[in-house]
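The values are calculated or read from the model by the stated rules, or taken from the named source; none is laboratory data. Keep in mind the model is a prediction, meaning the values are calculated, not measured. Here the Cβ positions follow ideal geometry from the backbone for every residue, glycine too, while neighbour counts run over all protein chains shown.
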Amino acid sequence: MERVRLTELSSRKSHQVSGGQQRRMGIAGALTHSSELILMDEPTAGLDPQQRAVFRSLVEELSKNMQVVVSTHQTEDLADLYSHVVVLDRGTVRFQGTTGAFDALAEGVDSPRGRAEAAYARLVGQEA
């Protein structure tokens, strides 16, 4: 609980904490097994900006000692959190490489979120 910054809530049941705290509880459970790899599916969906900042800090810390694999549609997290990107489209790998190489697919777009969205659209096309 200390690693995921929830020591002060350790006496609470999971239904008594926020969604972001529940996600961190799940990570704490995974860490009890001395994992070398942690898989997360949409870990920041529905989190408020403060909880997202706590989560980003936690992932940065965890990635020093283990592999962290995340499935997400939250493109604004790419530049801050991840070193590599894999884009899957209907089961086909459309891109695999560094976040820098992924962002480079969207030349001329200034904002990190805009670059990631433009790069993704370039790879898989626009949704109708």
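Does Val85 satisfy the condition of being in a loop (DSSP other than H, G, I, E, B) and among the β-branched types (Val, Ile, Thr)? No; evaluated as a whole, the condition is false for this residue.
Condition check ((1) of a type in the set (A, V, I, L, M); (2) over 14 Å from the mean Cα position of the chain (by Cα)) across all residues:
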residue: Glu61; (1), (2): no, no
residue: Lys64; (1), (2): no, yes
residue: Gln74; (1), (2): no, no
residue: Leu78; (1), (2): yes, no
residue: Leu81; (1), (2): yes, no
residue: Arg115; (1), (2): no, yes
residue: Ala118; (1), (2): yes, yes
residue: Leu123; (1), (2): yes, yes
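If you go through segment 3-36 and keep only what is in a loop (DSSP other than H, G, I, E, B), loosely packed, with under 10 Cβ neighbours inside 10 Å and charged (D, E, K, R), you end up with Lys13, Glu36. Looking across segment 37-49, the residues that are touching a helix residue (DSSP H, G or I) at 6+ places or on another chain (Cβ under 8 Å) and either exposed (fewer than 11 other Cβ atoms within 10 Å of the Cβ) or assigned to a loop (DSSP other than H, G, I, E, B) (or both) come down to Pro43, Thr44, Gly46, Leu47, Asp48.
Given the condition within 22 Å of Asp77 (Cα to Cα) and modelled with pLDDT under 80, answer yes or no: does some residue in segment 4-15 qualify? The answer is yes, given that some residue of segment 4-15 is within 22 Å of Asp77 (Cα to Cα) and modelled with pLDDT under 80. A residue that is in contact with a Lys or Arg (Cβ under 6 Å, 6 or more places away or on another chain) and not assigned by TED's automatic domain parsing to the domain that holds Glu42 cannot be found anywhere in segment 92-100. Scanning segment 1-44 for residues that are among the hydrophobic types (A, V, I, L, M, F, W, C) and either outside the structural domain of Val59 (by TED's automatic domain parsing) or farther than 20 Å from Lys64 by Cβ (or both) turns up Leu9, Val17, Met25. Considering only segment 88-118, how many residues are farther than 18 Å from Glu42 by Cβ, touching a residue at least 24 places away in the same chain (Cβ under 8 Å) and assigned to a strand (DSSP E or B)? Of the residues in segment 88-118, 2 are farther than 18 Å from Glu42 by Cβ, touching a residue at least 24 places away in the same chain (Cβ under 8 Å) and assigned to a strand (DSSP E or B).
Residue pairs whose Cβ atoms lie under 9 Å apart, separated by 6 or more positions or on different chains, with the first residue in segment 62-75 and farther than 18 Å from Gly26 by Cα and the second surrounded by 11 or more Cβ atoms within 10 Å (Cβ to Cβ) and of a type in the set (D, E, K, R), are His73/Glu42; Gln74/Glu42; Gln74/Arg52; Thr75/Arg113; Thr75/Arg115; Thr75/Glu117. In segment 62-82, is there at least one residue being in a helix (DSSP H, G or I), under 16 Å from Val4 (Cα atoms) and modelled with pLDDT under 85? There is at least one residue in segment 62-82 that is in a helix (DSSP H, G or I), under 16 Å from Val4 (Cα atoms) and modelled with pLDDT under 85.
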